Amino acid sequence: MGTVIMHNVVSVDGFIADKNDDVGSLHDWYFNGDTPISDRDEEFDHSGAGNGFKASKVSAEYVSSIWAAIGTIVMGRNLFDLVNGWEGRPPAGDHVVVVSHRPKPEGWHPEASYHFVDDVTAAIAKAKELAGDRTVAVNAGEVGGQILAAGLIDEVAMDVVPVVFGSGKRYFGSIDEQHLLEDPHVVIQGKGVLHLKFRVRR
């Protein structure tokens, strides 16, 4: 089975969005370079900018290597609703598992490999089954924090942006107990972003 990685862009003080789910300047680094992050033929504009993601060379190489390894993305229902599930076309990987007590919207993109599961343990099991030897990428936030608390995350990846939000949606959600990580095994300085990866200490 592949590695389960919790990955998100985050402010210096640990927020992935403000209380209204606005990411503010957190994603600016996705557009401050001239190197495309993905060469996928996109029918859906994940960047929302009309010209795709173009970061600095070092960031593009790092992120594209992560995206290329992804088999399944695990996301919460809040993010699914915010982006309408990327219209059934995830930015990376072939499958998506949505953690939700509500079922898939009736008639929503029946061709898409999206699976709705109401329990984080079952969600990771399904994601691993779908991903095979590829990576399971877990979006940070409430669901990501629950999956970390359940001991199901292997690595934590953070793209740290030099901004302080002060309040908002936390990277680890409402997790309220200590979890130890190893020293970072990836430290990459991009333009307007610091890429870090930590293995979860067992």
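The values are calculated or read from the model by the stated rules, or taken from the named source; none is laboratory data. The model shown is predicted, which means the values in this text are computed figures rather than measured ones. Neighbour counts are summed over all protein chains in view; Cβ atoms, including those assigned to glycine, are modelled from backbone coordinates with ideal geometry. To get the accessible areas, we keep the full protein, side chains included, count just its heavy atoms, and leave off ligands, DNA and RNA. Shrake-Rupley method; radii C 1.70, N 1.55, O 1.52, S 1.80 Å.
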- Note on the structure: Within segment 100-119, residues being in contact with a Gly (Cβ under 8 Å, 6 or more places away or on another chain) and open to solvent by less than 50 Å² (accessible area, probe 1.4 Å) number 5
- Is at least one residue of segment 150-157 assigned to a loop (DSSP other than H, G, I, E, B), modelled with pLDDT of 95 or more and under 30 Å from LYS191 (Cβ atoms)? yes
- Message: Given the options GLY145, GLY173, name the one that is open to solvent by less than 20 Å² (accessible area, probe 1.4 Å) and either modelled with pLDDT under 95 or not in a loop (DSSP other than H, G, I, E, B) (or both).
- Response: GLY145
- Contacts under 7 angstrom Cβ, first residue in segment 1-19 being within 18 Å of VAL63 (Cβ to Cβ), partner among the hydroxyl-bearing types (Ser, Thr, Tyr) and open to solvent by 10 Å² or more (accessible area, probe 1.4 Å), 6 or more apart: GLY2/THR135; THR3/THR135; ILE5/THR135
- Query: Does SER167 fit the bill of being modelled with pLDDT of 95 or more, among the polar types (S, T, N, Q) and exposed (fewer than 14 other Cβ atoms within 10 Å of the Cβ)?
  - Reply: yes
- Query: Between residues in segment 135-164 that are within 19 Å of HIS95 (Cβ to Cβ) and residues that are part of a helix (DSSP H, G or I) and polar (S, T, N, Q), which pairs lie under 8 Å by C-beta distance while being six or more apart or on different chains?
  - Reply: LEU152/THR121
- Message: Can you find a residue that is touching a strand residue (DSSP E or B) at 6+ places or on another chain (Cβ under 9 Å), open to solvent by 20 Å² or more (accessible area, probe 1.4 Å), modelled with pLDDT of 95 or more and in a strand (DSSP E or B) anywhere in segment 80-95?
- Response: yes
- Within the group ALA127, ALA157, ALA122, which residue is open to solvent by less than 80 Å² (accessible area, probe 1.4 Å), in contact with a His (Cβ under 7 Å, 6 or more places away or on another chain) and aliphatic (A, V, I, L, M)? ALA157
- Query: Do we find that VAL186 is in contact with a strand residue (DSSP E or B) (Cβ under 6 Å, 6 or more places away or on another chain) and surrounded by 19 or more Cβ atoms within 10 Å (Cβ to Cβ) in this structure?
  - Reply: no
